[in-house]
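The structure appears right after this line, and notes come after that.
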Amino acid sequence: MEFIQPILGIFPAIKGVLLAIIPLGFLIFIHELGHFLAAKRCGVKVNTFSLGFGPRLIGFEHGDTDYRLSLLPFGGYVQMEGETPGEQTGAEDEFASASVGKRAFIVIAGPVVNLLFGILAYWLVFTIGLDYNSAELVKGLTGVTFAETQAEGQVDNQEEVQIGWMAENSPAVKGGLLSGDVIVSINGENVNNWTTFQTIIFTSPEKELEFVINRNGNLKNLTIVPDVEPSARGDIGRISVSQTIEVIVNRLDEDSLAAQAGIQVGDKIETINGEKLYNVPFFEPGIWDPETKWIGRKYQELYQDIDNSDNLELGLNRYGEKITLQIPVQWKIKTRVQKGSTAENAGIMDDDVLISIDGKQINSQSLYTTMQSVSNYPFELGLLRNDTPITIAINPEESSRDDAEDSFFGIAWNTYLSGMKLTPLQMPLPKYNLIEAGGMGLHTTWLTSTSVTKLLKKLVSGQVSPKFLSGPVGIGTMTSEMFDRKIGMASILFFVGFISINLCIVNLLPIPIADGGQLLFFAMEKIRGRSLPQNAQAIIQQISVGLLLALFIYITWYDILSLIDRLSGN
């Protein structure tokens, strides 16, 4: 099977589609299985149970039903006797001959199965236990956060949206926003997590937004108009701000300048040289990319301010106690080596300290340009290992196939400041028993459903363009990226559950070809006392199929444009 890997590496789009077939195919299967079992329960004959659309590839017949796998894998259907208006004969086992209640039961069974699977998946996620990757995924898709663990052991699933850094001359600055402001609401909509905040900004380019903010305990009203930023899917809104993130000392070298000054692992860093720290300092060489965005320039400015200081003054918070310390400035660039990479094969180890490349002294700023210049010919790395100088040669022609794309021959660089590695504060993640996990699963299902419903309302009202929806290609790309990051089972299970709940809601929309449209017809039939004429039903279904096909092509087109944009590095 090794011959498949190069093909997948060359054609990431194909890889995404292949990976999407598995979860999407399963979700479609259980959806159609719901319809199928309900039809059998109600005595309705099922002629075909197909996973996919189009020509039949393989299958078998059992009883009255043809079970098949069809050519186009993104979809599926259950074809019941007498379901199509033109084929109805009045036989007892036809779908149309069943009572309104039985037909509604058959139709709603598919979405209900998707909903139940979503609840089950979420329940399993919270039972298995969250890791930080899955917690971030849950937060990104639903807004649920686990960052605030209360003293009595309770978890606050909402977060304070506090503004951190802002770009110069950004819409946020022009609108009067200040670092440290807490967003209360935008256009009357409560903002209790960063996902909600980003979504509102993202979908409102060049629209006046009325902010209510909390500034030092006082409520203020501001008007901010997001800039327009082009994207593969169309214009999006930006106000160029970051979220405030608490910073801690995550790692500390023994006998380092910071350790000698009394700094401890877990100390919160509140100020550097008297300036409030709203974001985690990031000093890796990528910040020196000339095309870096505004946040990268903020990191550059902080690096240079520190580098120009004789001493570093740190304002610490240690269990509520405020401490101020001064230490000399010293930079160290350490290695983190990927398994099976060129660097590991050459003998480089984790926490080796980079001193030089081909004899040239290196700092964070010069490392970025040097990496570009030595990537095509053999070179030597000068390193310190346990204070002992060593030299290791790297030959690009012998590069390992396992090297990560965003690494330097399998090396990720960590820049230490006076012996400290600074990272975001991560609160301990909660643990749930079976009953608590079930409660969290239901709660998160509700939040997922409400967020999807809000998005659909914005689509109908024209506030959000359908360009921003994702179809099979988009879902496939997201699935591929998740597998590439080698995330855990909890993240994969949550993502599949999220898609399942989305399928439930979308299928219940009052669109004639969807399950919700059929339920609408049944309600009309119940009220009128008779069904719509067969000709009218046939025309409505044909028009609906055409419109949905056009929407599918439209969404897929923008999915492909976004995929091309990702692959080109934009």
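Computed from the C-alpha gyration tensor, the three semi-axes of the ellipsoid equivalent to the range 17-67 are 22, 14, 7 Å, from longest to shortest.
Take 55-62, 188-195, 398-405 and order them by the average number of nearby Cβ atoms within 10 Å per residue, most first; the result is 188-195, 398-405, 55-62.
Between residue 40 and residue 524, what FRET efficiency follows from the Cβ-Cβ distance if R0 is 35 Å, with the result rounded to 0.05? Once rounded, the FRET efficiency stands at 0.85. The charge dipole of the range 301-377, taken about its Cα centre with unit charges on the Cβ of Lys, Arg, Asp and Glu (plus for the first two, minus for the last two), comes to roughly 220 debye. Surface composition of the range 302-428: carbon and sulfur atoms hold 44% of the protein heavy-atom accessible area at a 1.4 Å probe. Between the range 371-432 and the range 266-298, the C-alpha centres lie 19 angstrom from each other. Under 21 Å of direct C-alpha separation, and excluding same-chain neighbours fewer than eight residues apart, residue 526 reaches these lysines: 102. Ranked by the mean number of other Cβ atoms within 10 Å per residue, highest first, peptides 27-36, 104-113, 518-527 order as 104-113, 27-36, 518-527. Looking at the range 299-365, the accessible area is 55 square angstrom per residue; that uses a 1.4 Å probe and ignores ligands, DNA and RNA. Applying a threshold of 22 Å to the alpha-carbon distances of 334/421; 293/454; 174/268; 220/457 flags 293/454; 174/268; 220/457 as lying beyond it. The label-point distance for residue 386 and residue 351, in a model that sets each label 7 Å from Cα toward Cβ, rounds to 1.1 nm. Between residue 313 and residue 414, the contour length at 0.36 nm per residue exceeds the alpha carbon distance by 34.2 nm.
Farthest towards the positive end of the charge dipole of the range 199-278, among the residues 266, 239, 218, is the Cα of 218, using unit charges on the Cβ of Lys, Arg, Asp and Glu. For the peptides 181-187, 262-268, residues were scored by their other Cβ atoms within 10 Å and the scores averaged per peptide; the highest-first order is 181-187, 262-268. Computed over neighbours whose Cβ is under 12 Å from that of residue 67, the net charge equals -2, Lys and Arg +1, Asp and Glu -1. Taking 0.36 nm per residue of separation and subtracting the current Cα-Cα distance, fully stretching the chain between residue 426 and residue 330 would add 32.0 nm. Solvent-accessible area assigned to carbon and sulfur over the range 27-112 amounts to 59 percent, based on a 1.4 Å probe.
A straight chain from residue 100 to residue 372 at 0.36 nm per residue would run longer than the Cα-Cα distance by 91.0 nm.
The values are calculated or read from the model by the stated rules, or taken from the named source; none is laboratory data. Predicted model only: the values in this text are computed from it and were never measured. In this analysis, Cβ positions are derived from the backbone assuming ideal geometry, glycine residues included, and neighbour counts consider all displayed protein chains. Just the protein is used for accessible areas: all its heavy atoms, side chains included, with ligands, DNA and RNA removed. Shrake-Rupley method; radii C 1.70, N 1.55, O 1.52, S 1.80 Å.
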